[in-house]
Amino acid sequence: MGDKAKEKHLFCSEVLHEGGTDMRKYLKKIRKELGIFTFLTFLGYLFYSLIPYYTKILFEGEYKKAIIGYTVCLSAFVLIAYFCNITQTKYKLKFDKVLKEDYFNKVISLNYEDFSKKKVGEYISFQANDITEIGNDYLAPLMGIVTQTLRVVTYFVIITITLDLKVGLLLIGVSFLGVLFPKSLGAETAKRRNNYLDYQKKYYSKIEEIFNGFKVINSRTRNNIRENHNENLKKVLDERYKYGKANGLMWALNGLGSESLNYITFLYLGYLTFKGNISAGFAIATFQYAQSLMEPVHEILYYMNMTNSSKELVNSFLTFVEGDKAEEKKTPINSFKEITINNLNKSYENFSLQSINLNLEQNKKYALIGLNGSGKSTLFNILSSYIKDYSGEFKVDGKAIKEIETSYLIGTMNQEEYIFSQSFHDNATVFDSYETVDNNPFIGDAERLKESNNCRVLSGGEKKLIALTRLINKDTPIILLDEPFSAVDESKKEDLLNKILSLDKTVVMITHDIGENLGSFDEILFMEGGRLIYTLPYEELKDKKEFKVLQNAVNI
């Protein structure tokens, strides 16, 4: 294998197989569309490559044959090009679909702790923009390299047959001299492009934050928010300009390399004309072939640089979707007798949950209380399996919780439980993931909401009813609730609490309502300074000094 052949082979292997992960599986999913597109492209170039030949014989006096041949070839080329464009659209859409499906599936398979390492805007930006860029800057250039190489080979064969082998070798050889011009710019262009995409991702993430915090926008904050946005937008555009400059220089040098073919062909034809060895038709056809070869060589060089510049983005996608595939299989459990937590610890920069020991029994009701910052939410999130990075033991009937598929065991209702902008049914069943429980105690309260087609516009209290309905439909033996009545009318709170406490389930509820209603719970879990200092019935807890301090703080 020659040096150029080796370099091309290595390049193709490199762009298909990135950083230990493989794009070939995605190309296989669209291989039918790619195969049809490649075949049609070959036919199109075959017909188009014959046009200079018919120009040659026209000048040599074969008028009828030339006109018929030219007409047939041009008509066939246009018709085939139409079907090529349709097939190209199909494979691009399918490629975009399979990448976005895999990315989305990977995102929703993350545990909450891993998901929270990035902002929602970053996931949305990658799904909406970066994956489309992979199609534009990886797949399109890769197919461009394939089809334009096919075009060069087709032209070489036709030139050899219709003109002369020497002319074919000269045109092909001189064409690839252009490789020397832009090669050194590939890395710089890739660097500029990646910088631009990084800034663009951050920009979209900040916009998402601003829109999520729309309530803070008013006449006093609007100007500063606008200035902050304009500053971030300017950074994105500056990086885009730098990328554009590098890309523009690369294009210019590509053009210089391509034009060298024209010049050398001109000199060669001048020499042959001086010697009297060629006809006018031969010279015209040679120039047409030279012009035709400039474009594919120019595009091959450009596509190679584009594909190189997309490596980081492709690697980023593949590393994410292929990462942590060897997850241990977890056992689904939908019943239990006892949950035991021993010496559980979780540390943050300014806070730590320390030496938590707790037993949760079947069908018992627990209230989780404490001042803000006492560790309630951290313990709640560990119980909910939102946080999995901690030390100590957390077992269900002797089996480590990390080995259990908890979605059948534990149902959670967060303080700000997300409600989709869909119908009541879609929200209450999470798009038919859960069956509607026949004896769901909250269905009656939510009866008038069933006709809503956009539950996002409902009041806070109405959303709580939907969230409670969803929680019961999940049908788990353990339910965890974080301030479930925070937006509910006072007149309804007692009734809803009684319904929850009457459930044949284990209940753990964070509450700031620390009055006599705590007597309805079996035990109160009292948190202070990251520690669980009491696990007692209300009657035993109410006289503790720490509880009185909490009552005074809450009632201020």
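The values are calculated or read from the model by the stated rules, or taken from the named source; none is laboratory data. Because the structure is a prediction, the values reported are computed rather than measured. Using ideal geometry, Cβ is built from the backbone for each residue, glycine included, and neighbour counts are taken over all protein chains shown.
Pick from Tyr366, Tyr302: which is surrounded by 13 or more Cβ atoms within 10 Å (Cβ to Cβ), of a type in the set (Phe, Trp, Tyr) and closer than 20 Å to Ile533 by Cβ? Can you show your working first?
Working: Tyr302 fails: closer than 20 Å to Ile533 by Cβ.
Going through Tyr366, Tyr302 in turn, just one is surrounded by 13 or more Cβ atoms within 10 Å (Cβ to Cβ), of a type in the set (Phe, Trp, Tyr) and closer than 20 Å to Ile533 by Cβ: Tyr366.
In the set (1) under 30 Å from Asn212 (Cα atoms); (2) modelled with pLDDT of 90 or more; (3) exposed (fewer than 15 other Cβ atoms within 10 Å of the Cβ), the condition left unmet by Arg448 is number (2). Selection of first residues in segment 315-333 that are more than 17 Å from Arg24 (Cα to Cα) and of second residues that are at pLDDT below 75 and in a helix (DSSP H, G or I), restricted to Cβ pairs under 7 Å at least 6 apart or on distinct chains, gives an empty result.
Test Val457 against the stated conditions and say whether it is aliphatic (A, V, I, L, M) and over 16 Å from Pro441 (Cβ atoms). Against the criterion (aliphatic (A, V, I, L, M) and over 16 Å from Pro441 (Cβ atoms)), Val457 qualifies. Evaluation of Thr132 against the conditions (1) without any contact (Cβ under 8 Å) to a residue 24 or more places away in the chain; (2) within 30 Å of Tyr45 (Cβ to Cβ) shows that the sole unmet condition is (1).
Taking segment 186-241 as the range and being among the small types (Gly, Ala, Ser) and in contact (Cβ under 8 Å) with a residue 12 or more places away in the chain as the test, the residues that pass are Gly186, Ala187, Ala190, Ser205.
Has segment 250-258 got any residue that is at pLDDT 80 or above and not hydroxyl-bearing (Ser, Thr, Tyr)?
Filtering segment 250-258 down to residues at pLDDT 80 or above leaves none.
No, segment 250-258 contains no residue that is at pLDDT 80 or above and not hydroxyl-bearing (Ser, Thr, Tyr).
Scanning segment 92-131 for residues that are surrounded by 15 or more Cβ atoms within 10 Å (Cβ to Cβ) and hydroxyl-bearing (Ser, Thr, Tyr) yields Tyr103, Tyr123, Ser125.
Screening segment 340-363 for residues that are of a type in the set (A, V, I, L, M, F, W, C) and within 15 Å of Leu383 (Cα to Cα) and picking the one that is surrounded by the most Cβ atoms within 10 Å (Cβ to Cβ) gives Leu353.
When only residues in segment 312-366 that are part of a loop (DSSP other than H, G, I, E, B) and of a type in the set (A, V, I, L, M) count, which is farthest from Asn111 (Cα to Cα)? Taking the candidates together, the pick is Ile333. Restricting attention to segment 488-504, does a residue exist that is under 45 Å from the mean Cα position of the chain (by Cα), part of a strand (DSSP E or B) and more than 23 Å from Lys337 (Cβ to Cβ)? No, there is no match, as no residue in segment 488-504 is under 45 Å from the mean Cα position of the chain (by Cα), part of a strand (DSSP E or B) and more than 23 Å from Lys337 (Cβ to Cβ). Elements of the type helices (runs of 4 or more DSSP H) sitting completely within segment 106-217 and holding at least 2 residues that are modelled with pLDDT under 85 and among the hydrophobic types (A, V, I, L, M, F, W, C): these cover 140-162, 165-175, 186-212.
On the given criteria, is Gly19 at pLDDT below 90, at positive phi, surrounded by fewer than 16 Cβ atoms within 10 Å (Cβ to Cβ) and touching a Ser or Thr at 6+ places or on another chain (Cβ under 9 Å)?
It is true that Gly19 is at pLDDT below 90, at positive phi, surrounded by fewer than 16 Cβ atoms within 10 Å (Cβ to Cβ) and touching a Ser or Thr at 6+ places or on another chain (Cβ under 9 Å).
Considered as a group, the residues in segment 421-441 that are touching a Lys or Arg at 6+ places or on another chain (Cβ under 7 Å) and not aliphatic (A, V, I, L, M) include one that is nearest to Glu494 (Cα to Cα), and that residue is Pro441. Taking segment 434-478 as the range and being among the hydrophobic types (A, V, I, L, M, F, W, C) and more than 20 Å from Leu409 (Cβ to Cβ) as the test, the residues that pass are Phe442, Ile443, Ala446, Leu449, Cys455, Val457, Leu458, Leu465, Ile466. Is it the case that segment 475-487 has a residue that's surrounded by 15 or more Cβ atoms within 10 Å (Cβ to Cβ), of a type in the set (S, T, N, Q) and not in a helix (DSSP H, G or I)? Yes, segment 475-487 has at least one match. Of the residues making up segment 56-79, those that are assigned to a helix (DSSP H, G or I), among the charged types (D, E, K, R) and either over 21 Å from Val153 (Cα atoms) or under 32 Å from the mean Cα position of the chain (by Cα) (or both) are Lys64, Lys65.
Within segment 85-109, if we keep just the residues that are of a type in the set (Phe, Trp, Tyr) and more than 9 Å from the chain's Cα centre (by Cα), the residue that is farthest from Ser125 (Cα to Cα) turns out to be Tyr91.
For segment 3-16, state whether one or more residues are among the charged types (D, E, K, R), surrounded by fewer than 20 Cβ atoms within 10 Å (Cβ to Cβ) and at pLDDT 50 or above. Walk me through how you get there before you give the answer.
Within segment 3-16, the first condition is being among the charged types (D, E, K, R), and the residues that meet it are 3-4, 6-8, 14.
Imposing the further condition that a residue be surrounded by fewer than 20 Cβ atoms within 10 Å (Cβ to Cβ) reduces the set to 3-4, 6-8, 14.
Within this subset, residues satisfying the condition of being at pLDDT 50 or above are none.
Within segment 3-16 (the criterion being among the charged types (D, E, K, R), surrounded by fewer than 20 Cβ atoms within 10 Å (Cβ to Cβ) and at pLDDT 50 or above), the answer is no, since none of the residues qualifies.
Just one residue in the set Tyr53, Tyr82, Tyr45 is modelled with pLDDT under 90, over 23 Å from the mean Cα position of the chain (by Cα) and of a type in the set (Phe, Trp, Tyr); that residue is Tyr53. The residues of segment 430-450 that are over 38 Å from the mean Cα position of the chain (by Cα) and closer than 19 Å to Glu417 by Cα, listed by number, are Pro441, Asp445.
Is it fair to say Ile514 is touching a Phe, Trp or Tyr at 6+ places or on another chain (Cβ under 9 Å) and in contact (Cβ under 8 Å) with a residue 24 or more places away in the chain? Judged against the criteria, Ile514 is a match.
Among residues that are among the charged types (D, E, K, R) and buried (at least 19 other Cβ atoms within 10 Å of the Cβ), Lys56 is included.
Yes/no per residue for (1) touching a strand residue (DSSP E or B) at 6+ places or on another chain (Cβ under 6 Å); (2) at pLDDT below 90; (3) among the aromatic types (Phe, Trp, Tyr); (4) farther than 30 Å from Asn555 by Cα:
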position	(1), (2), (3), (4)
Ser421	no, yes, no, yes
Tyr434	no, no, yes, yes
Gly444	no, yes, no, yes
Leu468	no, no, no, no
Thr476	yes, no, no, yes
Ser491	no, yes, no, no
Lys499	no, no, no, no
Lys505	yes, no, no, yes
Glu516	no, yes, no, no
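Of the residues making up segment 302-318, not a single one is among the β-branched types (Val, Ile, Thr) and at pLDDT below 75. The single condition from (1) under 24 Å from Thr476 (Cβ atoms); (2) assigned to a helix (DSSP H, G or I); (3) not hydroxyl-bearing (Ser, Thr, Tyr) that Gln422 fails is (2).
With closer than 19 Å to Asn381 by Cα and of a type in the set (Gly, Ala, Ser) as the only criterion, which of Ser486, Ser502, Ser520, Ser491 stands out? Break it down stepwise before answering.
On the way: Ser502 fails: closer than 19 Å to Asn381 by Cα; Ser520 fails: closer than 19 Å to Asn381 by Cα; Ser491 fails: closer than 19 Å to Asn381 by Cα.
From the options Ser486, Ser502, Ser520, Ser491, the qualifying one is Ser486.
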